[in-house]
1. May I have the count of lysine pairs in the range 1-120 with C-alpha atoms under 19 Å apart, counting pairs 8 or more residues apart or located on different chains?
2. Could you work out the Kirkwood radius for the range 98-181, taking every pair of different alpha carbons, averaging 1/r and inverting it, reported in Å?
3. Taking amide H positions as placed in the peptide plane 1.01 Å from N, state which residues far from Phe156 in sequence (5 or more) or on other chains have amide H under 5 Å from it.
4. Could you work out which residue, out of Asn192, Asn118, Asn133, moves most in a Gaussian network model of the chain, that is, has the largest mean-square fluctuation with Cα springs under 10 Å?
5. Give the relative contact order (percent, whole number) for the range 79-164; include only Cα pairs under 8 Å separated by 6+ residues.
6. Would you compute, from DSSP H runs of 4+ residues alone, the mean residue ellipticity of the chain at 222 nm, taking -39500 (n - 2.57) per run and dividing by the full residue count, rounded to the nearest 500?
7. So for the chain, averaging the separation of alpha carbon pairs under 8 Å that are six or more residues apart and normalising by length, what relative contact order in percent results?
8. For the range 107-218, which whole percent of the accessible surface, found with a 1.4 angstrom probe, sits on carbon and sulfur atoms?
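The values are calculated or read from the model by the stated rules, or taken from the named source; none is laboratory data. In this text, all values refer to a predicted model and were calculated from it rather than measured experimentally. Heavy atoms of the whole protein, side chains included, go into the accessibility calculation; ligands, DNA and RNA do not. Shrake-Rupley method; radii C 1.70, N 1.55, O 1.52, S 1.80 Å.
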Amino acid sequence: MNELEMPKHVAVVMDGNGRWAIKRGLERTAGHEAGEKALMKWVHEGVKLGIEEMSFYTFSTENWTRSPSEVRFLMDISKKIMRMIGPEFLELGVRVKWVGRRTRLWKSVLSELEKIQNLTKNCDKMTVNFCINYGGRSEILDAITSLLKEVQNGEFSNTKITQKQFKKYMYNSSMRDVDLMIRTSGEQRISNFLLWQLAYAEMIFLDDAWPDTDGQTLQQCIAEYNRRTRRFGAV
Ligand code: FPP
């Protein structure tokens, strides 16, 4: 893989856990458990390949409409994962950042997120953004709300704002623009994911369900990314 150009930021919509499980006669939640294993494989591969930042869409602002038991399961598995990955991420040099809205997110999940963020804050090989209780539109609206507060307090008095200045108000102000977005499981849409940061991302849609993917899948996506020509609006 060495001769290939690495995308600096890869964002992933881990879709198809539920369908994967149902197809096997299992509960949907078994799909999320299998999905957790795939996630760890992608993180390991990302570090190996030298990718600087990866974002995973873990729970969207729309996912609250799922059954109460599935929501509870997703909150619980998030906590479990945050508790489990600490030592492994420290050894890998992976820094965790939470990206999302506080309102409604379980306090116990927030507390685990704070712990893992704190534990890994000096890791500098790769940053993993967990997008939990995340929505792209909410992120933009929350950024505007923070900006309006500054305007009201007299801390922001310009009549124009640049893209660079606006980024400061996003959930993770140091998040890079996404170079490559990958979505599994056949659906070809963005589903309110990183709307601002995806502006010039290359997109790859895979038919495989998320639990059926692994590090090799990521490698194949990088190879495809290298076959694309990125023009950023130029000719
Ligand atoms: C999409 O599949 C997957 C999710 C909504 C949850 C993904 C969560 C994990 C893999 C656990 C990881 C958690 C953390 C905190 C890292 P779906 O349920 O929408 O599948 P379907 O489209 O087949 O119904």
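1. 19
2. 14.6 Å
3. Placed amide hydrogens put Val151 under 5 Å from Phe156.
4. Asn118
5. Answer for the range 79-164 is 34 percent.
6. Taking each H run of at least 4 residues, the total per residue is -14000 deg cm²/dmol.
7. Reported as a whole number, the value is 28 percent.
8. 46 percent
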